[in-house]
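Comments concern the structure below.
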Amino acid sequence: MLDIVLIGLNHKTAPIELRECLAFSKDETAAALETFKDYPAINEAILFSTCNRIEILMTAEDKSHAIVDAKNFLSTVKQVPPEKFEENIYIHHGDEAVRHIFRVASSLDSMVLGEPQILGQIKAAYYTATMKKTSGVILNRLLHRTFFVAKRIRTETGIGDHAVSISYAAIELGRKIFGTLEDKKVLLIGAGEMAELAVEHLIRNKAADIFVANRTFERAVEIANRFKGKAIRFEEITNCLQLVDIIISSTGSPDFIIKREHLKGVMRSRRNRPLFFIDIAVPRDIDPEINRLANSYVYDIDDLKGVIEENIEDRNKEAIRAERIVDEAVIHFRQWYESLDVIPTIIDLRKKMENIAESEIKKTLHSLNHLSDDDCRAIYKMTNAFIKKVLHNPTFFLKSNGCHGNKSLYLDITRKLFKLDD
Amino acid sequence: MKILINITILFYALSTAGYIFYLFFQKNFLHKIGFYLLATGFLFHTSFIGYRFIQIGYMPFYSLHETLLIAGWAIACVFLAFQYKFHLKILGVYAAPLAALITTTAYFLPKEPAQAQKVFKSFWLIFHVIVIFMGDASFALACGLGILYLLQENAIKNKNHGFFFRRLPSLDLLDTTGYACIVAGFTMLTLGLVTGFVYAKTIWGRFWGWDPKEVWSGITWLLYAALLHERLAVGWRGRKSAIMSIIGFAVLLFTFLGVNFFLQGHHGVFTQW
């Protein structure tokens, strides 16, 4: 019976320096899977590598041998001595390995709970493995179950609901104010990673024109080019307020850049269309008094952090429900996995045959009332002998090593051919 | 045929329950159930009013019982129409209980209709009443939307992202839908007033008679006219517009009920007990 084994390290067990050394790019993954063929103890293998984790999922006849091989593989391919990562590695097998992969794909094991990228990354890794033919019956089934579980958790729980990053939280707020962000005009004041990320999100949500203001005009032009926007001079900001709907500010200025009195007259000439200020700067750029004005809304970094904290709490609550779904899926998978053993399959096969024979005999004897009990018994006897003869060769084949070491494949085919899993 | 009104109330109550469950659990099928229940209730309601019309030979709106029945019917009708157009699911939480409440109140009021007078059988009068009720129902929805707007704006301004923030739609949608309700209501009210004048001319030989109901209807009309004018001229929107639609509806309620109870006039007969 093959064992499912998972060996890996992630952001909780290994520092970034180590993860960098062991990470595989997409091409490296494909090449590495080729070399797995040099390790006969490993039957099937899939290699996941993201910035937060490197994991090898495999099936093996002899798991301790396979674990040693996997470690050797890592250290030879990445040229890192095994003792360097020995302490950071975790090993799961059987149900625990199954549970682990389910949890990883559903983003229950991620640094940011509920983040959506991980499922795509696992799908890509699985695709590479199928291309290289290193994944077989068991891992195919396991991965399909994994995708199913991850999808179910995403739709049935709120684990991915509500933003947990500053820039996303700002976008969500924008939607609550404007309904749609389509055709909304954006003004970016200053520069900075978070502010620029927010602008990128807005562009992805089909925001219209992007204006960029900066103390140094050259810098404004440079950033504006990146977003295909328009650079404006710092003095033009007040005029620009009539045009734009969303203002993202992130400068190093010690004073407020937009004060309440700047807004005088602006709202009237905007015909009171709402204005949304996102102030990511510390110290703040936008006068908080502006929030008091009708139809203008100001959120500073602390407000946004508050929003995120609430959302994270919600996700944690949802994670409990997600764990239950994982538990359920692990049990289901185990049932299928155990049925892949030779003996249960042969028993199922025989039962299926006997059931068919039984019901056919009953149908026939029903219209043959003249037969004596002895005759009936003879018919039963003959049928049993018939079943035995028919099943003799398949049973022998499955039990012996005639499957060329690919027993699970033949067992799976047998179960499918005779529809034993209903 | 009294059974029809019982069935109507039952469906409105079930629809209310559906929408309240929707408010808490946020499952899409719940608001769909609420919507279809309300639509079914509305059909029964319509057939009840139609039946009464055939039975007594004129539109049944000559006692408080009957006018409230029509008011509940108009709210259900206008809500269904707006829901169909704007898909503002959460509004049912306001409209369904309102329709249920008004219809139930009507159910418990005395039911003897007023003596049919000749004046009741004019086409202008029927048109006048139906249009006015539709207009009033639109203003009732606008008031509800104004309340929802204030709740949502308060949540956003005070950074209090609790129960309502998650459940209410965007400020923009609440505002534009409220505006659409007011435009629709104002159009109906204007039509209703004009047909009222025509009717008054044919019966009493004058368009305007300084009857308290007429005066208060005029005030209501001016109030909504001012709101629309400000919106078109200087872009009044959001909070101010929401507050105005709530005040407007309060005045409207007084015109509808208060005038009849506290002041004398020729509309008094329609709300007699």
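Of all positions in region A:310-326, none carries a residue that is more than 33 Å from the chain's Cα centre (by Cα), touching a residue at least 24 places away in the same chain (Cβ under 8 Å) and part of a helix (DSSP H, G or I). A:ARG271 meets the conditions (1) buried (at least 16 other Cβ atoms within 10 Å of the Cβ); (2) in contact with a Gly (Cβ under 7 Å, 6 or more places away or on another chain) in every case but one. The failed one is (1). Tell me yes or no: at least one residue of region B:141-150 is more than 22 Å from the chain's Cα centre (by Cα), small (Gly, Ala, Ser) and within 20 Å of B:MET244 (Cα to Cα). No.
Filter region B:232-273 down to the residues that are surrounded by fewer than 20 Cβ atoms within 10 Å (Cβ to Cβ), within 13 Å of chain A (Cβ to nearest Cβ) and assigned to a helix (DSSP H, G or I), then identify the one that is modelled with the highest pLDDT. Here the answer is B:ILE243. Of the residues in region B:207-221, at least one is among the aliphatic types (A, V, I, L, M), part of a helix (DSSP H, G or I) and in contact with a helix residue (DSSP H, G or I) (Cβ under 8 Å, 6 or more places away or on another chain).
Examine region B:220-229 for a residue that is away from chain A (no Cβ under 14 Å), hydroxyl-bearing (Ser, Thr, Tyr) and open to solvent by less than 30 Å² (accessible area, probe 1.4 Å), and state whether such a residue exists. Yes: one or more hits. With respect to (1) among the polar types (S, T, N, Q); (2) in contact (Cβ under 8 Å) with a residue 24 or more places away in the chain; (3) surrounded by fewer than 17 Cβ atoms within 10 Å (Cβ to Cβ), the lone exception for A:GLN335 is condition (2).
Per-residue answers, yes or no, for (1) of a type in the set (Asp, Glu); (2) touching a Phe, Trp or Tyr at 6+ places or on another chain (Cβ under 6 Å); (3) within 11 Å of chain B (Cβ to nearest Cβ):
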position: A:ILE278; (1), (2), (3): no, yes, no
position: A:TYR297; (1), (2), (3): no, yes, yes
position: A:ARG324; (1), (2), (3): no, no, no
position: A:ASP348; (1), (2), (3): yes, no, no
position: A:GLU358; (1), (2), (3): yes, no, no
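State whether one or more residues within region A:185-195 are basic (Lys, Arg), surrounded by fewer than 21 Cβ atoms within 10 Å (Cβ to Cβ) and within 14 Å of chain B (Cβ to nearest Cβ). So far as region A:185-195 goes, no, none of its residues is basic (Lys, Arg), surrounded by fewer than 21 Cβ atoms within 10 Å (Cβ to Cβ) and within 14 Å of chain B (Cβ to nearest Cβ). The residue of region A:234-268 that is farthest from the other protein chains (Cβ to nearest Cβ), among those that are open to solvent by 50 Å² or more (accessible area, probe 1.4 Å) and among the acidic types (Asp, Glu), is A:GLU235.
The helices (runs of 4 or more DSSP H) located wholly in region B:86-200 that include 1 or more residues which are within 14 Å of another protein chain (Cβ to nearest Cβ) and open to solvent by less than 20 Å² (accessible area, probe 1.4 Å) occupy B:123-157.
The values are calculated or read from the model by the stated rules, or taken from the named source; none is laboratory data. All values derive from a computational prediction rather than experimental measurement. No Cβ is skipped: glycine too gets one built from the backbone with ideal geometry, and neighbour counts run over all protein chains shown. Accessible surface areas use protein heavy atoms only, side chains included; no ligands, DNA or RNA. Shrake-Rupley method; radii C 1.70, N 1.55, O 1.52, S 1.80 Å.
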